[in-house]
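The values are calculated or read from the model by the stated rules, or taken from the named source; none is laboratory data. Since we're looking at a predicted model, the values are computed, not measured. Cβ sites come from the backbone with ideal geometry, for glycine too, and all protein chains shown count toward neighbours. Accessible surface is based on the protein model in full, side chains and every heavy atom, while ligands, DNA and RNA are left aside. Shrake-Rupley method; radii C 1.70, N 1.55, O 1.52, S 1.80 Å.
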Amino acid sequence: MTTPALPTIAPERTALLAMDFQNGILPIATEPDALVDRVKGAIADVRAAGGTIGYVRVAFTEDDWSAVPETNKTFSMVAATKQMHHEDAATQIDERIAPQDGDIVVRKVRIGSGSTTDLHQQLRDRGIDTLILAGISTGGVVLSTLIDAADRDYRVLVLTDGVADPDPEIHRVLVDKVFPTRAHLIDTARLRELLR
């Protein structure tokens, strides 16, 4: 089976999503500073080419905590112990890649970036049909967002050096086996070439 050719990227219809690059999650990545530096470069490249930058963070209000059912394995303990408050420093986006005016910023209360936000409406309003994904963790927000985006018929690219997971085996299986069935895989250097 041959690998499909990489798509041409039209920056005006492209958004790079930087997902869960927040102070309380970033430390689970191996070499978080290097990861942030690569993603910072990719953000600058997409921005310079005229693309859109979107930021996704997970954080809760009092109302959000009370709406999480005990059946939610991931977030019921977060809600019960009142973790990840939306004003806490741990839920803020890392200042090295902070949003700028005109960027999309959404706050989610589940794993994927779209199920509890208006992200897809904001992307549609801007005519976005191509998503470039970067995030922590590969087995969490990246996987969930990739599957949802592919089901919504976006052209999806995953930055292989812009995603990280605390479990190297999960990361490897997803990047090597699962993601290629639904997305194009590129690194930040290849992204820079595609944007020229």
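Quick one, which of (i) -0.31, -0.46, -0.88; (ii) -0.63, -0.74, -0.95; (iii) -0.41, -0.63, -1.20 is the actual log10 I(q)/I(0) by the Debye sum over Cα atoms at q = 0.09, 0.11, 0.15 Å⁻¹ calculated for this model?
Comparing each candidate, only (i) matches the computed number.
Taking the Cβ-Cβ separation of Thr74 and Ala5 as r and a Förster radius of 41 Å, what is the calculated FRET efficiency to the nearest 0.05? Could you put the intermediate results ahead of the total?
On the way: r = 37 Å, r/R0 = 0.90.
Calculated value: 0.65.
Just need the relative contact order of the chain here, percent rounded to a whole number, with Cα pairs under 8 Å and 6+ apart.
Relative CO of the chain lands at 28 percent.
State the extension gain, in nm to one decimal, for the chain segment bounded by Thr181 and Asp101, taking 0.36 nm per residue of separation less the distance between their alpha-carbons. Don't skip to the end; give the middle numbers.
Working: separation 80, 0.36 × 80 = 28.80 nm, distance 3.47 nm.
Full extension of this stretch gives 25.3 nm more.
Roughly what angle does helix 32-49 make with the longest principal axis of the chain, taking Cα atoms, 0 to 90 degrees, to the nearest 10?
60
Using a 1.4 Å probe over the heavy atoms of the protein chains, calculate the carbon and sulfur portion of the accessible area of region 11-195 as a whole percent. Can you show the working numbers first?
On the way: 4060 of 8500 Å².
Within region 11-195, the accessible surface is 48 percent carbon and sulfur.
Modelled label-to-label distance, Gln121 and Arg152, 7 Å Cα→beta-carbon offset: nm?
Label at Gln121, label at Arg152, 1.2 nm between them.
Going by the alpha-carbon gyration tensor, a ≥ b ≥ c the square roots of its eigenvalues, is region 90-179 rounded (a/c under 1.5) or, if a/c is not under 1.5, prolate (a/b greater than b/c) versus oblate?
Values: a/c = 1.76, a/b = 1.25, b/c = 1.41.
It is oblate, given that a/c is not under 1.5 and a/b is not larger than b/c.
Near Lys82, which aspartates and glutamates are there with a Cα under 14 Å away, not counting those fewer than 8 places off in the same chain?
Once the sequence-local aspartates and glutamates are set aside, what remains near Lys82 is Glu62, Asp63, Asp64, Glu70.
Along the charge dipole of region 11-195, which of Phe75, Ile136, His184 sits closest to the positive end, that is, farthest toward it, with unit charges on the beta carbon of Lys, Arg, Asp and Glu (+1, +1, -1, -1)?
My answer, from the dipole projection, is His184.
Treating the beta-carbon of each Lys and Arg as +1 and of each Asp and Glu as -1, no other charges, what is the dipole magnitude of region 11-195 about its Cα centre, to the nearest 20 debye?
Working: 20 positive and 29 negative charges, 86 e Å.
In debye, rounded to 20, region 11-195 gives about 420.
Per residue, how much accessible area does the chain have with a 1.4 Å probe, in Å²? Can you show the working numbers first?
Numbers: 9600 Å² over 196 residues.
Here the residues of the chain average 49 Å² of exposed surface.
Report, in whole Å, the centroid distance computed from the Cα atoms of region 114-154 and region 34-65.
Going from one Cα centre to the other spans 12 Å.
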